[in-house]
Each structure stands twice: as C-alpha cells, then as structure tokens.
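Visitor: Quick one: structure below, then a few questions.
The values are calculated or read from the model by the stated rules, or taken from the named source; none is laboratory data. None of the values given here were measured: they were computed from a predicted structure. Heads up, the Cβs are rebuilt from the backbone with ideal geometry, glycines too, and the neighbour counts pull from every protein chain shown. Surface areas here come from the heavy atoms of the whole protein model, side chains and all, with no ligands, DNA or RNA. Shrake-Rupley method; radii C 1.70, N 1.55, O 1.52, S 1.80 Å.
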Amino acid sequence: TDRFTSILMDVSDPKSSNYGHHLSQKDVYDLSSPSKESIEFVQHWLTNGNAISTEILNNGGFIRARFSVRDAVAFFSKDHPIKFNRYKHQIDAQRKIVRCAEPIFVPAAIHSLVDFVDGVNNFPYLNLKGKSKKISSHDTGVGYSVIPGDSAATVSVRVNGTMYNQVQVNMTQIGSQVLSAAVPNEPLQVLSFPFDGLANYMSLHVVVKAFEITSRQWVIVPSDTVFYVYPSPWITPTVTNSLYFIPPGTRATNPANSQAVAEFDGQYYSPSDLDTFSQLMGVPTPNVTLVGPNDASQPGGESTLDIEWITAIGVGVPTTFWSVKEGFLLVWVIQVSEASNP
C-alpha cells in the first residue's frame, strides 16, 4: 500500500519528472499479484469445498467462486456453525438475496493468504429511495406539489372541478398563511397559491383542503412530507466556476486527460437530458463513452447530477459513464482492474 501511495503521489505531482507516467496494467500486476503457489493453494481449498466453479480475476488478486447454499453452509461451518437466510428488497419485493448474518472463519492455513471474503455477509448497494412520487391521494382525487424559492414558496394544486368547487391552502412556518380559490367546473384544474415572507433554510408545513360538492364537506389531502425554503439563484456551472476561480470559457487542452463517473444499482442517465442540460447551461455537448448497462428511459437523480456536473466543469474532457448493474465498489474495482486501458 505504501509503495502504491508513493507512486500515485509521484505521478500526480506536476513538479515530478514522472508526472503523468501512470502505471500500466502489467506494472500494477507485477507489484500486487500474489504468487502462483498462493493462488493455486486458495483455489484448491475452494475446489475441495465443492465449489461449483472458480474464476481467477485481476491476475490472481481475486478468486470468484460459486457454491450451492447447502455446500456453502458446510464449507464455512467446519469450526463455527453458520446458517444462511433469504432477504428481499424492502421496496422491490422481487429482488431477493441469500446472505449469512453471522461472522465466518477461514482455516489458519490460508488465513495469511486471504484479505477478505465478499458476497457472504455483506449486502450489495441498493437504491432505497425508489422512484419519485407526486404527493397525492387516491381517496380524495386531489394532489399538490410545493415549489420553493427565495423566502417564498408556491403550492400547485391539481383538482377535479367536477368533484370540488373550492380549495384552501394553509402554509405554516414561523406564522401561518391561508389562501383559497374557487375551482372552475371542469375535470382537471391546476391552481397556484404563492406564499411570501417565509424564512430561508427552515422547514414548513402545508395543509391542502378541498370542498367536496356532493358531501358539502372539506376534505384534507394527507401528506407527511417536510418542505424547505432556500434562497436563489440556482447553482449553475457559471456560479460554481466563479466560486472555484475557474476562468470563464476554460476548456480541456491535454489530449491525455480523461474523467469518469461510477454508478450503481440501476442509476442510469439520459443522453438527451444531458444534451438539453448542456445547451441550457451554455457548455458544449459532451462526448460520453458508456461502459456497462444503461436504460435512458429510467435516468436516476444521482447519476444524472454526476454526469451533468462532471461534464459541465471538466468541459471537453473525454468522459466515461461506468455503470455497475449489481454490486458496489468492489465489483467496480475488479471491472476497472480487468480493463486493459480503463
């Protein structure tokens, strides 16, 4: 580790004669790969444990083995009995995984050869935010959204005018404000209720009520969402560049430069959205290379921000969008190390 750190700092220092002379894949393997005997010893241990298959990765830095659950229990239970359980994603019930919730142990004979065991105790990175949903109620047929601004907020209410004839919005923060409006007698109406005099960086509570025509009663639209008010202007590449003293119009000039974002668990991006963002922000349309899967129809919030901002700040730098469908950093690291020219 110390040797790698020293080399990394050396090739990253503009004052060093080795600046930019990064190690090749072969150089990295020569410095880090275990001996042939060590690789064979660990692989033999796995095979004797009834592994369905073994695969040597990263020039022996990793060995991927597949076991049946029954054989895995027997394999890791020789000194300390363990058991595996089946788990499911708390949002997507179709996603299931088998894991051991107890610590596992390896024989003393190979202890010095194995740094860690992955895929037994740990769980893959999962996006638990799920898909975004509009605040609405199927029971009432009324929905709304809150658009915050500088010391202000606007509540946009969607309502069926054939069911309700009046809407009332109560905005509570330091004090309370109430606005109301009549609803035209038409199926779909969108009403805007602007509130000002609010405090920035403070949460606010919104209560929306609609007067039902048939029952002649006020119906409250339920919501447990907390909203926040924050000041403008919006953060743009121009604002960010000024904060970090990046001169206007800065473009990449070194053809050896490159940059990348790594995304996990179905965090995809939309090329058309990226093009639109670039046009609106006044930066050139970026050249993005895709590695791994991407569903442009299902862009993620985090991945979209990543690819938009890295290309808007590093303008003109060849960019890679590296997508890992399942797994987290270790899976990505193995993929990068296996690539001949990542």
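Visitor: Specify which of the listed residues (D92, D71) is open to solvent by 50 Å² or more (accessible area, probe 1.4 Å) and either within 28 Å of P124 (Cβ to Cβ) or without any contact (Cβ under 8 Å) to a residue 24 or more places away in the chain (or both). Steps first, please.
Guide: Values: D71 fails: open to solvent by 50 Å² or more (accessible area, probe 1.4 Å).
Answer to the selection: D92.
Visitor: Same structure, new question: Please tell me if S192 is over 29 Å from G282 (Cβ atoms) and of a type outside the set (A, V, I, L, M, F, W, C). Quick ask: steps written out before the conclusion?
Guide: Numbers: over 29 Å from G282 (Cβ atoms): yes; of a type outside the set (A, V, I, L, M, F, W, C): yes.
In short, yes.
Visitor: Quick one: count up the residues across region 278-291 that are within 12 Å of P237 (Cα to Cα) and either small (G, A, S) or within 19 Å of the chain's Cα centre (by Cα) (or both).
Guide: Number satisfying all stated conditions: 2.
Visitor: Follow-up. Look at V261 and say whether it is in contact with a Leu (Cβ under 9 Å, 6 or more places away or on another chain) and touching a residue at least 12 places away in the same chain (Cβ under 8 Å).
Guide: Considered against the rule, which asks whether it is in contact with a Leu (Cβ under 9 Å, 6 or more places away or on another chain) and touching a residue at least 12 places away in the same chain (Cβ under 8 Å), V261 comes out as no.
Visitor: Here are some residues: Q177, Q173, Q166. Which one is at pLDDT 90 or above and within 17 Å of Y228 (Cα to Cα)? Outline the logic, then answer.
Guide: On the way: Q173 fails: at pLDDT 90 or above; Q166 fails: within 17 Å of Y228 (Cα to Cα).
After applying the criteria, what remains is Q177.
Visitor: Check region 21-29 and report whether any residue there is among the hydrophobic types (A, V, I, L, M, F, W, C), touching a helix residue (DSSP H, G or I) at 6+ places or on another chain (Cβ under 8 Å) and in contact (Cβ under 8 Å) with a residue 40 or more places away in the chain. It would help to see each step written out before you state the result.
Guide: From region 21-29, those among the hydrophobic types (A, V, I, L, M, F, W, C) are 23, 28; that's our starting set.
In the following step, the residues that additionally are touching a helix residue (DSSP H, G or I) at 6+ places or on another chain (Cβ under 8 Å) were identified as 23, 28.
Pick out the ones that are also in contact (Cβ under 8 Å) with a residue 40 or more places away in the chain and you get 28.
Yes; the residues of region 21-29 include at least one that is among the hydrophobic types (A, V, I, L, M, F, W, C), touching a helix residue (DSSP H, G or I) at 6+ places or on another chain (Cβ under 8 Å) and in contact (Cβ under 8 Å) with a residue 40 or more places away in the chain.
Visitor: Continuing with this model, one more query. Here is a check on your reading of the model: is V333 under 30 Å from F62 (Cα atoms), open to solvent by 50 Å² or more (accessible area, probe 1.4 Å) and either β-branched (V, I, T) or touching an Asp or Glu at 6+ places or on another chain (Cβ under 7 Å) (or both)?
Guide: Values: under 30 Å from F62 (Cα atoms): yes; open to solvent by 50 Å² or more (accessible area, probe 1.4 Å): yes; either β-branched (V, I, T) or touching an Asp or Glu at 6+ places or on another chain (Cβ under 7 Å) (or both): yes.
Taking the combined requirement at face value, the residue satisfies it.
Visitor: If I filter region 229-240 for residues that are among the small types (G, A, S), loosely packed, with under 14 Cβ neighbours inside 10 Å and within 30 Å of I310 (Cα to Cα), do I get at least one hit? Can you show your working first?
Guide: Let us first name the residues in region 229-240 that are among the small types (G, A, S), namely 232.
Okay, now just the ones that are also loosely packed, with under 14 Cβ neighbours inside 10 Å, so 232.
Among the residues that remain, those that are also within 30 Å of I310 (Cα to Cα) are: 232.
Yes, region 229-240 contains at least one residue that is among the small types (G, A, S), loosely packed, with under 14 Cβ neighbours inside 10 Å and within 30 Å of I310 (Cα to Cα).
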